[in-house]
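Q: This structure is in structure tokens; I'll ask about it shortly.
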Amino acid sequence: MEKKFGKATRDAYGETLIEVGKKDLNVVVLDADLSKSTKSYPFSQVFPERFFNVGIQEANLVGVAAGLASCGKIPFISSFASFLVSKGFDQFRMAVAFSELNVKVIGSHGGITVGEDGASQMSIEDIALMTSLPGFSVIVPCDEISARALVWETAKHVGPVYIRTGRPKAPVVHKPGTEFKIGKGVRLRDGKDITILANGFLVFEALEAAERLADTGIQAGVIDMHTVKPLDTALILEEAKKTGHILVAEEHQIWGGLGSAVATFLAGKHPCKMGFVAIQDTFAESGKAEELLEKYGLTFPAIVKTAKKILGR
Amino acid sequence: MEMLSLEQLKEKAKLVRRHIVEMTGAAASGHPGGSLSATEMLVALYFNLMQHNPQDPQWPDRDRLVLSKGHASPALYAALAESGYFDPGTLKDFRKLGSPLQGHPDRRRLPGVEASTGSLGQGLSIGIGMALARRLDQKDYYTYVITSDGEMNEGQTWEAAAMAAHHKVDHLIAFLDYNKFQLDDSTKNICDMEPVVEKWKSFRWDVQEIDGHDLKAILRAVEKAKKVKNAPAMIIAHTVKGKGVSFMENNNQFHGVAPTPEEVQKALKELE
Ligand SMILES: Cc1ncc(C[n+]2csc(CCOP(=O)(O)OP(=O)(O)O)c2C)c(N)n1
Ligand SMILES: [Mg+2]
């Protein structure tokens, strides 16, 4: 498959945010001294009166957003996923989720593709934490096209949403004009032997893997599972019944990510052979994004290998 | 809301204290000590200072109160009930299954509760958000936050303190219920935050220091705090934990332990 890089999902977020802010005057944006990295900075230049940089204080950031939301504002708050989710977690739990407030959370620099900055800046547990909070929708877009659409959907949705964006440029996977809905996976390739469910950077890898598998006579379907929660259980069930083999691929710790969610669902509804491509319970390190994906087994060869294993070939 | 006179406020404070004793007694759980120390502040706010409408709890222009020390919920519930948000008869259901009067305030379940609290350290941040929304919407309401000395141990308190001053957040008036006790022991023995006045001043807050059981002083301090422009206001209220019930005063055993039925009777006698 041709790898054509588009913008980073964080850039797509930043650009869309301005459009969203133009349309809805209740949108306010807050950041914790990382706006130039999370890309909320451009919004601050267009709408300075609706932007608040709170400084390096993630817990307060979340609390202030909750207060704004309780007065009818729609706060979009951002920082690195690693800091925002871990340092703001009690605040997400109490002041946002438990309080049922309409706060939009953008954790940028998700996963290990942060690269050279190393493990302290990498969030490999954000999806596990945020999906554990009742009422939160959790989204991991894979490219700029889906990121733009899902930011719009997030703005329209009433309720707390977590979006993980990525640092590096992302390969374009989707066709312009594709429709995206929170909680609805997008089928990118039809298969009959196995279905690969992926999100984030692993979607492109899954498509690449499906092509390689086709060369060996294995027909693999590929779904962009951009929403981890609510999970598109109807689509998963349909695929499980059709192919009987499910592989989940994600740039996240194997404990508590998309794979866990899919496995929990299928165990109760339609047990089938499954495999997982994810970070194997370890922290990563410094390096180039591609080097890290390879070292930690998050590339198409790993998907091909796992698929063959599930299929017993 | 009708504004009550000083004499009437004193009567309300007594009534709220009776409710606190009865509610915690009936639930055989809850936090009487910190509820009793915050009583005058809540009474002054709900029955005199705040613009609010119990018939329309979502009125957009209402003043807001965030009880950051959520374990003092009995005091808040009593004030809400006596203001007309709900029938004081339901106070007896405090902490019972299905009751809107949860152990700690739950904004989804009880109209009049502005913020769900119970995890200490969060209320000031939420109050800042409300005050920023006021500024954006060019409204005139005030946001009040009741925080506590133990809560000052939390790092988030100081994040909020710095950020509110930097962003010149006014129409934000916080009370520090300085009762000198936290859970395990006195603040002196656990984590002494002195010098407290200097701390808030150095964070560029407008600071006043009052006797937190002197209703007149509370009214006066709030009137002054309302005039502060471009800065948040902190009213450090020196209080007595367990105030109003002799055997509870400065007796931190009653931080999180309810009075027995006999103790309830004894306390109610003192509060006649
Ligand atoms: C984050 C958090 N940690 C611990 C507790 C448990 N806790 C409940 S009350 C309390 C002591 C509070 O002391 P203070 O804030 O001074 O309250 P007051 O004396 O006014 O009752 C503690 C530690 C909590 N509610 N939240
Ligand atoms: Mg105390």
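Read-outs: derived from the displayed coordinates by stated rules, not from any lab. Everything quoted here is computed from the prediction, not taken from an experiment. Heads up, the Cβs are rebuilt from the backbone with ideal geometry, glycines too, and the neighbour counts pull from every protein chain shown.
Q: For segment B:135-145, give me the residue count where each residue is surrounded by 23 or more Cβ atoms within 10 Å (Cβ to Cβ) and facing chain A (nearest Cβ under 9 Å).
A: Count: 1.
Q: Name the one entry in A:105, A:114 that is under 22 Å from residue A:24 (Cβ atoms), of a type in the set (Val, Ile, Thr) and more than 14 Å from chain B (Cβ to nearest Cβ). Before you say what the answer is, go through the steps one by one.
A: Details: A:114 fails: under 22 Å from residue A:24 (Cβ atoms).
Step by step, each of A:105, A:114 is checked, and only A:105 is under 22 Å from residue A:24 (Cβ atoms), of a type in the set (Val, Ile, Thr) and more than 14 Å from chain B (Cβ to nearest Cβ).
Q: Let me ask something else about it. Being in contact with a helix residue (DSSP H, G or I) (Cβ under 6 Å, 6 or more places away or on another chain), under 22 Å from residue B:191 (Cβ atoms), in a loop (DSSP other than H, G, I, E, B) and within 13 Å of chain A (Cβ to nearest Cβ) is true for just one of B:119, B:125. Which residue is that? Before you say what the answer is, go through the steps one by one.
A: On the way: B:125 fails: in a loop (DSSP other than H, G, I, E, B).
Only one candidate qualifies: B:119.
Q: Moving to a separate point now. Which residue pairs have Cβ atoms closer than 7 Å, lie 6 or more positions apart in sequence or on different chains, and pair a first residue in segment A:47-64 that is within 7 Å of chain B (Cβ to nearest Cβ) with a second residue that is of a type in the set (Asp, Glu) and buried (at least 17 other Cβ atoms within 10 Å of the Cβ)?
A: A:57/B:159; A:59/B:159; A:60/B:159
Q: Name the residue, out of B:207, B:145, that is aliphatic (A, V, I, L, M), away from ligand 2 (no atom under 16 Å from the Cβ) and in a strand (DSSP E or B).
A: On the way: B:145 fails: away from ligand 2 (no atom under 16 Å from the Cβ).
Unique residue meeting the criteria: B:207.
Q: Considering only segment A:241-262, how many residues are buried (at least 24 other Cβ atoms within 10 Å of the Cβ), outside any helix (DSSP H, G or I) and aliphatic (A, V, I, L, M)?
A: Looking only at that region, the number is 4.
Q: Could you tell me how many of the residues in segment A:109-127 are part of a helix (DSSP H, G or I) and crowded, with 20+ Cβ neighbours inside 10 Å?
A: Just the residues of segment A:109-127 that are part of a helix (DSSP H, G or I), to begin with: A:119-121, A:126-127.
Checking which are crowded, with 20+ Cβ neighbours inside 10 Å leaves us with A:126-127.
Qualifying residue count for the region: 2.
Residues checked against (1) acidic (Asp, Glu); (2) more than 16 Å from ligand 1 (Cβ to nearest atom); (3) within 14 Å of another protein chain (Cβ to nearest Cβ); (4) touching a helix residue (DSSP H, G or I) at 6+ places or on another chain (Cβ under 7 Å):
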| residue | (1), (2), (3), (4) |
| --- | --- |
| B:170 | yes, yes, no, no |
| B:184 | yes, no, no, yes |
| B:198 | yes, yes, no, no |
| B:207 | no, yes, no, yes |
| B:217 | no, yes, no, no |
| B:221 | no, yes, no, no |
| B:239 | no, no, no, yes |
| B:252 | no, no, no, yes |
| B:270 | yes, yes, no, no |
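Q: Of all residues in segment B:169-189, which are within 15 Å of residue B:233 (Cβ to Cβ) and either within 11 Å of ligand 2 (Cβ to nearest atom) or part of a loop (DSSP other than H, G, I, E, B) (or both)? Even if it seems obvious, please write down each step before you answer.
A: Restricting attention to segment B:169-189, the residues satisfying the condition of being within 15 Å of residue B:233 (Cβ to Cβ) are B:169-176.
The answer is B:169, B:170, B:171, B:176.
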